[in-house]
């Protein structure tokens, strides 16, 4: 299964990587490796993580206080947020609402 990041999630990922790398050389690379490790698990076992809101699921990173919030799409995993566990814990929900609206619109415009 393939994966992609929403642009906002990709920016969060990059921002956290830069932060960690600036704090201690090598830690940013460790963060990147951990995110990629978790994404690989999600691609292999997309249903393994619990649903937290609607169709959005959450997977905790090891050694870093972050969750990956994701959605299982027809042929890919969509990373909705790379969210710090202590900062604004529900901010990503607006992205989930947008995703739901896009799905609804797509289902209405599908030829039958």
**Message:** Between residue 41 and residue 2, what is 0.36 nm times their sequence separation minus the Cα-Cα distance? Round to one decimal in nm.
**Reply:** 12.9 nm
**Prompt:** Can you give the Rg to Rh ratio of region 2-109, both from alpha-carbon atoms, with Rh computed by the Kirkwood formula?
**Reply:** 0.98
**Asked** Arranged by the count of other C-beta atoms within 10 angstrom, fewest first, what order do 38, 60 take?
**Response** 60, 38
**Sorted by Cβ density within 10 Å, fewest first, the residues 15, 21** = 15, 21
**Request:** Write down the Kirkwood hydrodynamic radius of region 16-75, to one decimal in angstroms, obtained as one divided by the mean of 1/r over all alpha carbon pairs.
**Result:** 12.4 Å
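None of the figures in this text is laboratory data; all of them are computed from the coordinates on show. In this text, all values refer to a predicted model and were calculated from it rather than measured experimentally. Backbone-built Cβ (ideal geometry, glycine too); neighbour counts: all protein chains shown.
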